[in-house]
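This report concerns only the one structure given below.
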């Protein structure tokens, strides 16, 4: 098995997308999902998916009527995604008022994220740093540097409301209110499929008419089914770049249930299947 993984990791994407190879990978990934012991993880990175952040920045430019941009990040973990999004928007639109809701089920994790202080010495699983995808200039822009820690800049932390909550809770809509963007990334894959589908349908209720739902890190069969059932419109801008934008998700396929299959335009449903971002309340 280890040799097979090594060989697969060195295959070029063009070769993997050949029909027999791709089909075998799909079979292996189906087995991985069926046999998975799913559990939540708080490991993450700053600037984890750069194309996704670029799309958020572009969409934020649509706000020109003086009203604030309201965003919710669900399963916010240690705060890296929340701060990355705010940095991306406020670097480009310092004039735009952003109201950010950051939600996680763990009280301890929410309190850690709210502090916005990160050790330079600690690492995540497999000795990987939470800062590994950042340049030194980006670190200087986003943080105040201490002797052995980094603290989020005050201008990035403004306007965040932190919540201890469960994305599966039907009452979450009453707590957060309607949102222009909802980010529900990289936690639904850790749920059993029926729970993930129910949660995704619940999360979608948070999004304003014409607003956007970001949902990567989920079993694609579930996301495709819900998107079709509810008539979501795939955001085509940067679609493939976002799909391939997180090396962790792409690199884990087909061996791990969190892995993300290669982008395959041969599928008749490829636009819905591989979109990680959807506009809700708009016709396909």
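Just one of the numbered conditions (1) within 23 Å of residue 270 (Cα to Cα); (2) buried (at least 16 other Cβ atoms within 10 Å of the Cβ) is not true of residue 225; which one?
Here residue 225 meets the rest and fails (2).
Is it true that residue 151 is modelled with pLDDT of 95 or more and not in a strand (DSSP E or B)?
Taking the combined requirement at face value, the residue does not satisfy it.
Considering every residue within region 204-219, establish whether at least one is farther than 23 Å from residue 70 by Cα and either surrounded by fewer than 18 Cβ atoms within 10 Å (Cβ to Cβ) or touching a strand residue (DSSP E or B) at 6+ places or on another chain (Cβ under 7 Å) (or both). Full working, then the answer.
Filtering region 204-219 down to residues farther than 23 Å from residue 70 by Cα leaves 218-219.
Filter once more, so that each one left must be either surrounded by fewer than 18 Cβ atoms within 10 Å (Cβ to Cβ) or touching a strand residue (DSSP E or B) at 6+ places or on another chain (Cβ under 7 Å) (or both): none.
No.
Step by step: first the residues of region 74-83, then only those that are touching a helix residue (DSSP H, G or I) at 6+ places or on another chain (Cβ under 6 Å) and on the phi < 0 side of the Ramachandran plot, then the one that is surrounded by the fewest Cβ atoms within 10 Å (Cβ to Cβ). Which residue is that?
The selected residue is 78.
So residue 242 clears everything in (1) modelled with pLDDT of 90 or more; (2) outside any helix (DSSP H, G or I); (3) within 18 Å of the chain's Cα centre (by Cα) except one condition, right? Which one?
(2)
Yes or no: region 120-127 includes at least one residue that is modelled with pLDDT of 95 or more, surrounded by fewer than 17 Cβ atoms within 10 Å (Cβ to Cβ) and under 27 Å from residue 199 (Cβ atoms).
As a first pass, look at region 120-127 and keep what is modelled with pLDDT of 95 or more: none.
Scanning region 120-127, I find no residue that is modelled with pLDDT of 95 or more, surrounded by fewer than 17 Cβ atoms within 10 Å (Cβ to Cβ) and under 27 Å from residue 199 (Cβ atoms), so the answer is no.
For region 99-113, how many residues meet the condition of being more than 26 Å from residue 60 (Cβ to Cβ) and not in a helix (DSSP H, G or I)?
Residues in region 99-113 being more than 26 Å from residue 60 (Cβ to Cβ) and not in a helix (DSSP H, G or I): 2 in total.
Which residue is surrounded by the fewest Cβ atoms within 10 Å (Cβ to Cβ), if the candidates are limited to region 32-53 and must be out of contact with any helix residue (DSSP H, G or I) (no Cβ under 6 Å at 6 or more places or on another chain) and assigned to a helix (DSSP H, G or I)?
The selected residue is 34.
Go through region 54-68 and report how many residues are closer than 13 Å to residue 90 by Cβ, touching a residue at least 60 places away in the same chain (Cβ under 8 Å) and out of contact with any helix residue (DSSP H, G or I) (no Cβ under 9 Å at 6 or more places or on another chain).
1
Give the residue that is farthest from the chain's Cα centre (by Cα), with candidates limited to residues of region 134-148 that are assigned to a helix (DSSP H, G or I) and touching a residue at least 40 places away in the same chain (Cβ under 8 Å). Spell out how you get there, then give the answer.
Here is the first cut: in region 134-148, the residues assigned to a helix (DSSP H, G or I) are 136-142.
When the remaining residues are screened for being touching a residue at least 40 places away in the same chain (Cβ under 8 Å), the result is 138, 141-142.
Numbers: 138: 20, 141: 22, 142: 20 Å.
By that ranking, first place goes to 141.
Just to be sure I understand the filter: pairs with C-beta atoms under 6 Å, separated by 6 or more residues or on different chains, first member in region 155-169 and at positive phi, second member in a loop (DSSP other than H, G, I, E, B) and surrounded by fewer than 17 Cβ atoms within 10 Å (Cβ to Cβ). Which pairs pass?
Filtered contacts from region 155-169: no entries.
Mind checking whether some residue in region 253-269 is at pLDDT 90 or above, touching a strand residue (DSSP E or B) at 6+ places or on another chain (Cβ under 8 Å) and surrounded by fewer than 22 Cβ atoms within 10 Å (Cβ to Cβ)?
For region 253-269, residues at pLDDT 90 or above, touching a strand residue (DSSP E or B) at 6+ places or on another chain (Cβ under 8 Å) and surrounded by fewer than 22 Cβ atoms within 10 Å (Cβ to Cβ): absent.
Is it fair to say residue 71 is within 20 Å of residue 215 (Cβ to Cβ), over 13 Å from the mean Cα position of the chain (by Cα), buried (at least 24 other Cβ atoms within 10 Å of the Cβ) and touching a residue at least 12 places away in the same chain (Cβ under 8 Å)? So that I can check it myself, show each step before the final result.
Numbers: within 20 Å of residue 215 (Cβ to Cβ): yes; over 13 Å from the mean Cα position of the chain (by Cα): yes; buried (at least 24 other Cβ atoms within 10 Å of the Cβ): yes; touching a residue at least 12 places away in the same chain (Cβ under 8 Å): yes.
Judged against the criteria, residue 71 is a match.
Test residue 236 against the stated conditions and say whether it is surrounded by fewer than 18 Cβ atoms within 10 Å (Cβ to Cβ), part of a helix (DSSP H, G or I) and under 18 Å from the mean Cα position of the chain (by Cα).
Details: surrounded by fewer than 18 Cβ atoms within 10 Å (Cβ to Cβ): yes; part of a helix (DSSP H, G or I): no; under 18 Å from the mean Cα position of the chain (by Cα): yes.
So residue 236 fails the test.
The values are calculated or read from the model by the stated rules, or taken from the named source; none is laboratory data. Note that the structure is predicted; figures quoted are calculated from it, not measured. Cβ: placed from backbone, ideal geometry, glycine included. Neighbour counts: every protein chain shown.
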